[in-house]
Structure formats: C-alpha cells, structure tokens
1. For a quick check: sort M336, M230 by the number of other beta carbons within 10 angstrom, fewest at the front.
2. Can you put T93, T392 in order of Cβ neighbours within 10 angstrom, beginning with the fewest?
3. With bins 5 Å wide starting at 0, give me the P(r) of the range 312-429 over every alpha carbon pair, in whole percents.
4. Taking the number of other C-beta atoms within 10 Å as the exposure measure, put R115, R334, R200 in order starting with the fewest.
5. Based on alpha-carbon centroids, what's the gap between the range 69-103 and the range 361-431 in Å, whole number please?
6. Where Lys and Arg each count +1 and Asp and Glu each count -1, what net charge lies around R391 among other residues with Cβ under 14 Å from its Cβ?
7. State the Cα centre-to-centre distance between the range 248-279 and the range 325-352 in whole Å.
8. Along the three principal axes, how long is the range 210-306 when you take its alpha carbons, biggest first, rounded to the nearest angstrom?
Amino acid sequence: MSALQRAAAAAVVILVSIGVAVLAIGATGGPTAVVPTASAEPVRSASVAPSPSVQPSVPEEGEALAILREIEEQVIAIRGLPSAEIGPADLITRAELGSELERLFAEEYPPDDQRRDNISLRALGLLEPGQDVAELQLQLLGDQVLGFYDDIERRMVIVTDAGLDAEAKLTYAHEYTHALQDAAFGLDSLEIDADGEDDRGLARTALIEGDATVTMLAWAFEHLTPEELMEIGTGIELPDTTGIPSWMFNQLQFPYNEGSLWAGTLAGDPLSPRFADLDAAYADPPDSTEQIIDVDSWLAREAPVVVAVPDLAVVLGDGWEEVDATPIGEASIRIMLEYLGVPRETAYTAADGWGGDRAVIASGPDDAFALGWRLAWDTPADAAEFLSAYRTVVDALPFPATVLEVGDGQILVAHASSDDLLRRTVDAAND
C-alpha cells in the first residue's frame, strides 16, 4: 500500500482541480467555499465540454516560462518560504505521463515490493484474483495525476493537453509549493515510504498535500480571474475507474481531502492563510491518520498505542516469510471496511476510537497466507463497534477469517488460506 502513498506525495490529482471548479463564485468574484471535494465513489461520467470562449491560447516557450516564474513569486509571497532552486518545468501530455509513471515505478517500486504488496492486499481481502497492484496503480495514476514534483531530480512535471491554461497554472502553484516545502524542510526527512509505517506515511502525505492544497487555493483566488476559476475542470473527461478498487481511489484522495481540511484548520482564513503551525508540523510531523482526521488528537499529540504481534513466519515454520508488518490506521480501516461492504457511516463509526494497531502478514508454500492483526481502542465501546462491523466482513470474505476480543481490550482479526492455518494464526497472534 505504501507505493500508492509514494506516488501520491508531491503530486496533484484531477479531483482536486475539479474541486476548485465547482466552487460557487459570487457576483463580486469572491469564493463561497474553498475545500475541494471528491465523490464517495469513483466517478465514470464525463464533464461538459468547454465553451470556445474559454479555450486558452498556447503561449510561446519563453512566454510560458515567464508566466511560470511569475507564479513562483506569487506562491512564495503566499507561502512565506524562501525560493526553491529548480530547473524549468516540463509540460507533458497525458499520453506522455504513462511513460513517466512507468519510469518512476521502475525506480521506486521494485518487483519484490510489488510481489509483497500483492500478497498483503489479497490477504486483507482488498484484491480480487488476477488483479495486480502495480497495474492498477499505473492505471489510476495515469488517469488522475495532473502534475508532480520529483524531489530526487528537483524537477517539476505538469500534465496538460491544452498548453498553459488555468488548470496548468493551478497545478504549477501546487507543485511549486512542494518544491518550497522540500527546500525548506527536506521532504525526505518525513520518511513517508519507511518500511512498516504505512499509517504514519499516509498521515505525513496528508501534511504535504494539505499544505500545498491550501496554498494552491489561496493562490487561485488571488491570481485567477472568476472566468479562469470557472474554466478549471470544464474540459476534463473524468477518468474511467472501471476495475479500480474503490479503496485504492479513496486512499489516493485522502491526503488531499482530509489533508486540506486539517491544514485549513491550522492555517485559518483560506484567503489569507497563516502557515506558522504548518511550518512547525514539519519538525514534529503527525504520526497517525487519526491525528489528521481529528485535529484535537493532533493538537493533543495523541500518540498511537504500540501494539505487538509476533512474527507469524517464525511461528508457522519452514517455507514461510513475513511480507508485511505495519499499523494500518484509522483512515485505511474506514476505507477498507467500506470497500468490504460495511456502510460508510458504520465504517467511519467503527474506525473512530482507534488507539493503535499492527498487522502482520506471512506467505507460505503453495500460495498459503496468514494475517494476524491486533487493534487497540480508546474505550470498550469503541472496540465493540469495530467488532460488530468486522463480523459482517468475516461472513463475506472468500477465505477463512475470524474476529474476536483478546486481552487488554484489544481486538484480533485473523485471515488465512485454510481453516488449519487460521487456527494456528489465532494461537500465534494471541500468544
């Protein structure tokens, strides 16, 4: 799951842009809402084609670079960080984006990581037979990404088939914010892709993307005309998400949607945000998605409970290997529950009150697998809500599974490829 987080970090996706387009613009041109929103489920319909009156002219290369430099100065003034030394932006078409993503995946998502993720996601019930996580992510990102900042090469990439239109300018404002973040704070210091820290990585991606989205929106309302704001998104054909699991789509959107709400709360006035609290967050970043979902949890620095689960591969014996061991976290729990058939309101209630968790997944001979997942909760009532919701999941999974109360008020979830393995997994994880 962490590969999707790595790909999402320092990128901007289509529904963030569309969120700007659907803002109500009053008679004076002032915005009445500033938070981008995504639909609950992947959208398959196409948007209305743009009016010829708002079709942008394509500037010459020198003119385009001058416009981008002007945007950089405007973003610096809003964000209040020193300028970032980067090369000229690359404007590429959506067709060319596919090659860029394949290159990035080849560099940052090696085959063994893909293999491990496929095993883990199947053990969690999140992949159907025949689905491949890398292929699905490439399809999703190829349709969704509007631009990204490469923090290794200090390179900006903007995806546009219409030249430097309002959407491309908006994307550049977002991406240049990432360059400023990197220069000021060092994005690699956040360790977003650290092994065994999936929930923490998603939370810190929400810091990065929430900050950039708040900055982008403030820039848009100060420097784009009402006509340009209305232009954004009008020519986008919403991506066909057929075959993409909804959990993958929703996890991609989380850092933008929840991250912008969290960052917006810290920054205050969306038209004139104050970034002192966000700046401080880079030195003491969030450790869980609970801290993003619940700002009070962040302000109180409510640390996740450390939960222990034995190495199942050692217990299960020869031919077994541990393929993943990580906290899953509140955000991914509610996304997973909804994907696995729990109604959204029930899923969110069941994930609320999360205190900490750890899931350990092992792979054995002949495609055997075992999952031991222990979860700590704030109160017995919170544990009971999750237990009730997950019992409906157990009944629907295509392999043996169970959920039960264990010591210290924790809940144990176990999945396995056979009934015998399930019994052994429960014994091992409950030891």
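Only the coordinates and a few stated rules stand behind these numbers; no lab work does. Fair warning: this is a prediction, and the values are worked out from it, not measured in the lab. For neighbour counting, all protein chains shown are included, and Cβ atoms are generated from backbone atoms with ideal geometry for every residue, glycine included.
1. Values: M336 22, M230 19.
By the 10 Å Cβ count, ascending: M230, M336.
2. Numbers: T93 11, T392 16.
Starting with the residue having the fewest Cβ neighbours, the order is T93, T392.
3. P(r) for the range 312-429, in whole percents per bin: 2, 12, 22, 24, 19, 12, 6, 1, 0.
4. On the way: R115 15, R334 26, R200 23.
With the sparsest Cβ surroundings first, the list reads R115, R200, R334.
5. If we compute the Cα centre of each part, the gap is 45 Å.
6. Residues close to R391 contribute a combined charge of -3.
7. 21 Å
8. 47, 40, 18
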